[in-house]
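My questions will all concern the structure given below.
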Amino acid sequence: MHDLILKNGVIVDGTGAAQFRGDVAVRDGVIVEVGEVSGPARRTLDAEGAVVTPGFVDIHTHYDGQVSWDSVLAPSSINGVTSTAMGNCGVGFAPARVEKHDWLINLLEGVEDIPGTALAEGLTWDWESFPDYLNALARRRYTMDIGAHIPHAALRAFVMGDAGGDHTAVPSQGEIDRMEALTFEALEAGALGFSTSRTYVHRSRDGANIGTLSASAAELLGITAALKRAGKGVVQLISDAYLTADDDFAQAELELIRQVARTTGRKLSFTVQQTDDAPDRWRHIFGEIEAMTAEGLDVRAQVAPRPIGVILTFASTTNPFFITPTYRDCARDASTEQRLVRLADPAVKAKILAEHAHIHPPGMAAVIVQGFNRMFRMSDPVDYEPVESASLAAEAARAGREPADYAYDVLLEEGGHRLIYMPLINYARGNLDDVFGMMSGAHTLYGLSDGGAHCGTICDGSFPTTTIGLWSKGSKSGLKTPLEALVHGYTQRNAAHVGWNDRGVVKPGYLADLNVISLDELQLSPPKIVQDLPAGGTRLLQTARGYRWTVKSGAVTFEGGQWTGETPGQLLRGAQG
């Protein structure tokens, strides 16, 4: 007697091999037969007209706080993800001394846009050390399996105290040794690896740079020596190498990455995206990765399947007017509805527009504040390759109005809940051609979804759906990738990178993590603003259409996009299989 049989599906098995028609039988949470399956089952699902894939493996999320209070772990789980890695970019909540709880909340609120009030109420803090943290997670159940990196920023503060949050503070050799020892302890307890951040974009709620920003080679090599000593774990990091126009700085960062990979002998991945300031830097980085690989180093670029899109709205965190003094006054200590009432006042609008005209911030903030040619009304389904003629700037020109004045009125639509999509990163040339180039690289991993983070600004936990749905059908430029290669990228390849060799493939003996997808129907609805975080915290939540069923360890966790109540997922300690 099988527990579950999926019948009559087109199987895309995760290895990159050609798809084929067949059945999948599951018993005791494991795939036992693939092909033509007969015999009884406790439940049979008809996959006719659908593709059957392994469950997706998302190796770049930030559920480190959410796992304290939530078993569902949306948005990743509602986008076909059955295994996820968190603790990325050097941020997380362990190790953590009691006196550093508020500091860590402040850091995560700033870096990952997770409401501090939600974290303050939702975090259970039934841990201090990283092994304690893993033990706390092991007592809980989820819709998907989770693993965690030990984050550099939390580790630094644990060892160095207040100085750990100052990126100009240099740890003593004794402090480096202590961080190495704690990293080794974490790896032995089941940490996936070590993560760090070297980007100026990552700042605390108070605007301070993340403490790991300028960590020296001595510090990084000293800490990551733990991975070589343990003979396990991966390195994950983000660096400003991809966003700088300074060739010398980029090369120095890449040389440091090479040193870490060479010294540890472990797998390493890092963020690679495209910015307007350095639109071809990714090509340079890919060339350097090719050279590292030729040297025998296992180094990969983590890339995204679409623009990193900021969601602009008066009802959440970010909009073109959010840094004006009057807007900040409206948002301070006021509910969302109170803020919207004030913003609709013509006198308030006039004051904000007058202030906005004199604000010219540097860098990416300038695009958010003044880039009306990059702002688009969100459609249903969402168009992730919008053309400039559909922008708010173009609409304003056709209406004979100033862009800022026009955009303000658009944001007041739908009672102030109108959502505007701004492709901020990976859209320097107004199309997805460069994204396709990055995704097609020989040494890439599909990542960067940041599921669980950027609650009021970015909604990219749906990256797996875009990867499969958009790129199997093709971009507006006609670029497309075979479905088998896309599924491989989000299943076996990602799983193998972090050492989860028991999943990501539809074959007997592998974990029964599966998706049944109506590919023709696969698309994303616009995000909605919901208040389902602790303390009434607000976040953007995006649902997908086209997922018939998601199966985790043999249990059906989602049916037609709705949670079934099953929570077969658990903590994964290190490599599997």
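Among residues other than Gly211 whose Cβ falls under 9 Å from its Cβ, what is the net charge (Lys/Arg +1, Asp/Glu -1)? Present the calculation step by step, with values, prior to reporting the outcome.
Numbers: positive: Arg156; negative: Asp166.
It works out to a net charge of 0.
Take every Cα pair under 8 Å in the chain that's 6+ residues apart, average their separations, divide by the length, and report that relative contact order as a whole percent.
Values: 1350 pairs, mean separation 125.2, N = 577.
Relative contact order comes out at 22 percent.
Another one. Just how far, in whole angstrom, is the stretch 452-481 from the stretch 167-202 if you go by their alpha carbon centroids?
About 32 Å separates the Cα centre of the stretch 167-202 from the one of the stretch 452-481.
Here's something else I'd like to know. FRET efficiency for Glu188 and Gln338, Cβ-Cβ distance as r, R0 = 60 Å, nearest 0.05? If you can, show how the numbers build up before the last one.
Numbers: r = 51 Å, r/R0 = 0.85.
Result of the calculation: an efficiency of 0.75.
Which one is right for this structure if Rg and Dmax of the Cα atoms in Å is calculated from it: (1) 29.0, 112; (2) 23.2, 82; (3) 23.2, 73?
It is the one labelled (3).
Using only Cα atoms, locate the centre of the stretch 520-577 and the centre of the stretch 338-399, then give the distance between them in Å, rounded to an integer.
If we compute the Cα centre of each part, the gap is 31 Å.
Which GluC sites (Glu not before Pro) in the stretch 80-171 pass both tests, a DSSP loop state and at most 16 other beta-carbon atoms within 10 Å?
Numbers: sites: Glu99, Glu109, Glu112, Glu121, Glu128; in loops: Glu128.
Qualifying residues, ordered by number: Glu128.
What trypsin sites (Lys or Arg not before Pro) does the stretch 375-465 have in DSSP loop regions with at most 16 other beta carbons within 10 Å?
On the way: sites: Arg377, Arg398, Arg401, Arg418, Arg429; in loops: Arg401, Arg418, Arg429.
Those that pass, being in a loop and sparsely packed, are Arg401, Arg429.
Next question. If you average the alpha carbon positions of the stretch 267-284 and of the stretch 1-63, how far apart do those two centres end up, in angstrom?
Between the Cα centre of the stretch 267-284 and that of the stretch 1-63, the gap is 36 Å.
Here is a further query. Counting pairs on different chains as well as pairs 8 or more places apart, how many Lys pairs in the chain have Cα atoms under 23 Å apart? Intermediate results must be reported in sequence, preceding the final value.
Working: Lys7/Lys507; Lys7/Lys552; Lys228/Lys267; Lys232/Lys267; Lys507/Lys552.
Lysine pairs satisfying the spacing and distance rule in the chain number 5.
Could I ask something else about it? From Cα pairs below 8 angstrom and at least 6 apart in sequence, can you work out the relative contact order of the stretch 364-429, rounded to a whole percent? Let's see the in-between values first.
Numbers: 64 pairs, mean separation 25.5, N = 66.
The normalised contact order for the stretch 364-429 reaches 39 percent.
Could I ask something else about it? How would the stretch 536-577 be classified by its alpha-carbon gyration tensor: rounded, prolate or oblate, with rounded meaning a/c under 1.5 and the a/b versus b/c comparison settling the rest? Could you put the intermediate results ahead of the total?
On the way: a/c = 2.19, a/b = 1.32, b/c = 1.67.
Here the stretch 536-577 falls in the oblate category.
Shifting gears a bit: Defining a contact as two alpha carbons under 8 Å apart and six or more residues distant in sequence, what relative contact order in percent does the stretch 488-543 show?
Details: 51 pairs, mean separation 10.8, N = 56.
This gives 19 percent for the stretch 488-543.
For the stretch 203-268, what does the alpha-carbon gyration tensor say about shape, rounded, prolate or oblate, given a ≥ b ≥ c as the root eigenvalues, a/c under 1.5 as rounded, and a/b over b/c as prolate? Can you show the working numbers first?
Details: a/c = 2.33, a/b = 1.42, b/c = 1.64.
Oblate.
Considering only Thr264, Ile323, Asn494, whose Cα is most displaced toward the positive end of the charge dipole of the chain, charges sitting on Cβ of Lys, Arg (+1) and Asp, Glu (-1)?
Farthest towards the positive end: Asn494.
What dipole magnitude, in Debye to the nearest 20, does the stretch 352-460 give about its Cα centre under +1 on Lys/Arg Cβ and -1 on Asp/Glu Cβ? Before the final figure, lay out the partial values.
Numbers: 6 positive and 15 negative charges, 34 e Å.
Here the stretch 352-460 has a charge dipole of around 160 debye.
Using only the Cα atoms of the stretch 467-547, build the gyration tensor, take square roots of its eigenvalues as a ≥ b ≥ c, and label the shape rounded, prolate or oblate: rounded if a/c is under 1.5, else prolate if a/b is larger than b/c, else oblate.
Working: a/c = 2.22, a/b = 1.27, b/c = 1.75.
Here the stretch 467-547 falls in the oblate category.
Quick check for me: using +1 on Lys/Arg Cβ and -1 on Asp/Glu Cβ, what's the dipole size of the chain about its Cα centre, in debye to the nearest 20? Kindly include the intermediate steps, with their values, before the conclusion.
Numbers: 50 positive and 70 negative charges, 145 e Å.
The dipole magnitude comes to about 700 debye.
Also: In whole Hz and in residue order, list the ³J(HN,Hα) couplings for the stretch 271-286 that follow from phi through the Karplus curve 6.51 cos²θ - 1.76 cosθ + 1.60, θ = phi - 60°; x for Gly and Pro.
5, 9, 9, 10, 10, 5, 6, 9, x, 10, 4, 4, 5, 4, 5, 4
I'd like the FRET efficiency for Ala350 and Arg262, computed as 1/(1 + (r/R0)^6) with the beta carbon distance as r and R0 of 51 Å, rounded to 0.05. Display every interim value, and only then the final one.
Numbers: r = 59 Å, r/R0 = 1.16.
That gives a FRET efficiency of 0.30.
We did not get these values from a lab; they are worked out from the coordinates using the rules stated. Owing to the predicted nature of the structure, the values given are computational and were not obtained by experimental measurement. A quick note on method: Cβ atoms are made from the backbone with ideal geometry, for glycine too, and the neighbour counts reach across all protein chains shown.
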